[in-house]
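Peer 1: Let me begin by handing over the structure; questions about it come next.
FYI, it's all coordinate maths here, none of it is from the lab. Keep in mind that what you see is a predicted model, and the values were worked out from it rather than measured. No Cβ is skipped: glycine too gets one built from the backbone with ideal geometry, and neighbour counts run over all protein chains shown.
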Amino acid sequence: MIKNRPLNNKNFAYGLIFFVAVLTKYLLFGFSYYPILDDFIQYGGYPLYNDLGYVYFKIGTMAARPLASLLDPVFWGAMWGNMRFALILISILHFFSVLLIVKTFDKCGFKISPLFFIITLFIPIGSEGAYWLSASTRLVVGMFFATLSLYLLAGYFSDKKKKFLVLFTVFHIISYGFYEPVCIFAFLGVCFIALNFRKDLKQKWLILLIPVLSMVLLLIYYAWGANLGALGSRASGFSFSDIFFKIKDGMIQVLRCFTKGIYKSTIKGFFAGLLVAAKKGISGGLWLVLCAVLAIWLYKAAAKTKTEKGKILFLIGIILFLAPLAPNMLVETVWIPYRTIFVSIFGFALMAEPIFTFIFSSKRMQAIVCSLVLIVFMVANANEYNTYKKVSEFDTVTAQNIAEQLSDEVMRGEKNVVVIVEGAYEIAQVDLYKDHVKSVLEADWSLTGAVRAVTGNIKIKKITPERFETAKITDEQVLYLGADGHITDITKEYVK
């Protein structure tokens with residue numbers, strides 16, 4: 001049996017450094033949250049319904065990810081007026097998710113370098129899963145409960161406390177209610193811990209039934225949710241047909257994320273982030289100084305010269321990198337955006353561990369590299385944050401301008417709206433990939449959701465963005481969005 005190592009000064013220093021760094025990520029813009037796309041619907045729109053049963057069962061949000069869907073209007077939606085509280089909470093949960101994994105490995109007899117913290121908390125391609133609330137309320141929250149359950153299970157084996165087993169069971173089941181890749185991570189985590197403590201498992205093998213039962217219950221729930229409301233199809237779209245083609249397609253997308261995606265969001269993002277900080281003047285300069293102080297602090301704290309059991313960590317990393325992607329390979333259309341790889345980043349970081357400590361064997365070089373990577377990631381994250389800010393502000397202003405032109409019939413829900421869009425509306429950014437920081441002008445559902453949220457009027461029906469050449473007008477109100485952002489009602493001129 002491997003006993004838990006006592007918390008020493010260096011472990012405490014790492015925790016404090018990275019906790020401050022997580023908060024510093026969003027400090028440049030006052031820790032404000034800037035909603036985009038689904039945020040307007042889930043947190044600004046759903047709470048407007050008097051009957052949440054309509055949201056859960058008629059619209060069908062409860063068809064999949066039940067606990068996340070349950071919390072959308074009643075918990076996160078309650079913060080719509082000041083979403084910075086939601087961002088603070090998500091940031092804290094993100095930090096503790098990583099800390100709990102590190103402590104779990106510690107209980108299992110593994111040492112992990114500060115690089116694991118840096119990658120899992122700050123790698124820029126992870127910002128979509130860590131910042132965007134529509135994703136992070138599923139990913140970060142789910143990972144928090146998953147890692148907490150694993151920590152408690154490891155604690156049960158190492159410390160022999162029965163209350164840990166009860167708490168593990170509760171939090172493990174809860175973790176299955178947020179996001180499919182998180183479920184796989186939690187399931188495999190139990191398997192790894194059981195294998196690590198296999199000598200102690202002989203008389204306690206029934207523990208393995210807990211993750212199996214949780215997965216079975218989830219599958220039963222999804223089968224039930226397949227016919228639930230308009231969104232029920234999300235729970236019934238899994239198929240093994242053309243599986244090899246899907247895996248190939250998915251792996252190409254994953255490779256793109258971890259090559260071109262990392263280069264664009266990190267390298268290009270770093271230089272873009274420097275410009276963002278420079279434009280903030282004195283406050284931007286002070287923010288960069290704070291990042292530098294954190295990097296120097298990390299250098300002074302870094303002391304590990306090697307990763308223990310590196311080969312095993314690398315193998316675990318490969319499994320945790322690939323396995324959480326499985327659900328996305330079973331849907332009709334394989335779609336791997338950055339939020340999908342959020343859980344896989346934990347496996348990616350574990351694979352990087354032994355490689356990092358092999359290449360940089362000296363304590364000083366590890367400390368230097370960790371400090372440099374931290375400050376590059378921090379600055380690149382400032383660019384990501386600024387991109388969300390720009391897109392959100394554009395979308396909010398556009399939705400408000402559209403709302404000012406809506407007729408009484410539209411406000412009463414008696415008529416649809418078509419918005420004729422002229423020119424490009426994509427906000428310049430370093431990495432335009434799939435739906436990474438997209439505008440609400442991309443689709444009718446997102447534009448409708450944004451206008452409903454800014455007006456507080458759930459009666460508004462469909463608002464569709466169109467181009468002149470593709471617009472099909474019957475009896476809708478027609479608005480014209482010019483390249484300068486000005487909106488005009490052209491219903492009489494357009495509808496003959």
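Peer 1: Compute the longest continuous run of the chain that contains no exposed chymotrypsin sites (Phe, Trp or Tyr not before Pro); treat a site as exposed when its DSSP state is not H, G, I, E or B and it has at most 11 other Cβ atoms within 10 Å.
Peer 2: Free of exposed loop sites, the longest segment is 1-239.
Peer 1: Okay, moving on. Which of the listed residues, 273, 319, 258, is farthest toward the dipole's positive end in the range 245-347, when Lys, Arg count +1 and Asp, Glu count -1 at the beta-carbon?
Peer 2: 273
Peer 1: Another one. Once the piece of chain linking residue 216 and residue 12 is laid out straight, how much longer is it, given 0.36 nm per residue of separation minus the C-alpha distance between them?
Peer 2: Length difference between fully extended and current span is 69.5 nm.
Peer 1: Among 85, 97, 112, whose Cα projects farthest towards the positive end of the dipole of the range 1-152, with charges put on the beta-carbon of Lys, Arg (+1) and Asp, Glu (-1)?
Peer 2: Sorting the options by dipole projection puts first 112.
Peer 1: Quick one: Karplus J couplings for the range 457-467, per residue in order, coefficients 6.51, -1.76, 1.60, θ = phi - 60°, nearest Hz, x for Gly and Pro?
Peer 2: Values per residue, Gly and Pro as x: 10, 7, 6, 4, 7, 9, 10, 10, x, 9, 9 Hz.
Peer 1: Show the residues, 5+ positions off or on another chain, whose built amide H is closer than 5 Å to the amide H of residue 466.
Peer 2: 419, 420, 421
Peer 1: Okay, next question. How much of the DSSP bridge set in the chain is antiparallel, in percent, rounded to the nearest 5?
Peer 2: Of all bridge pairs located within the chain, approximately 30 percent are antiparallel.
Peer 1: Moving to a separate point now. How would the range 91-218 be classified by its alpha-carbon gyration tensor: rounded, prolate or oblate, with rounded meaning a/c under 1.5 and the a/b versus b/c comparison settling the rest?
Peer 2: Verdict is oblate for the range 91-218.
Peer 1: Per DSSP helix of 4 or more residues, -39500 (n - 2.57); summed, then divided by the residues of the chain. What does that give at 222 nm, rounded to the nearest 500?
Peer 2: Dividing the helical sum by the residues of the chain leaves -18000 deg cm²/dmol.
Peer 1: OK, next. Could you pull out the GluC sites (Glu not before Pro) across the range 400-453 that fall in loop regions by DSSP (anything but H, G, I, E, B) with no more than 16 other Cβ atoms inside 10 Å?
Peer 2: 414, 422, 426
Peer 1: Of the listed pairs 300/389; 434/459; 103/204; 390/459, which have alpha-carbon separations greater than 25 Å here?
Peer 2: 300/389; 434/459; 390/459
Peer 1: Now for a separate question. In square nanometres, what is the average projected area of the Cα convex hull of the range 392-494?
Peer 2: Mean shadow area of the hull around the Cα atoms is 6.5 nm².
Peer 1: Then there's this: Size of the dipole of the chain about the Cα centre, Lys and Arg at +1 and Asp and Glu at -1 on the beta carbon, nothing else charged, in debye to 20?
Peer 2: Its charge dipole is roughly 2940 debye.
Peer 1: Let me ask something else. Where both residues lie in the range 392-494, what percent of DSSP beta bridges are antiparallel, nearest 5?
Peer 2: 25 percent
Peer 1: Of the listed values [x] 66, 56, 50; [y] 69, 55, 44; [z] 80, 55, 42, grab the one calculated as Cα extents along the principal axes in Å from the structure here.
Peer 2: Here Cα extents along the principal axes in Å agrees with entry [z].
Peer 1: How big is the dipole moment of the range 392-494 about its Cα centre under a simple scheme where the beta carbon of each Lys and Arg is +1, that of each Asp and Glu is -1, and everything else is neutral? Debye, nearest 20, please.
Peer 2: 380 debye
Peer 1: Pick out, from 31, 287, 302, the residue whose Cα sits farthest towards the positive end of the charge dipole of the chain, with +1 on the Cβ of Lys and Arg and -1 on the Cβ of Asp and Glu.
Peer 2: 302
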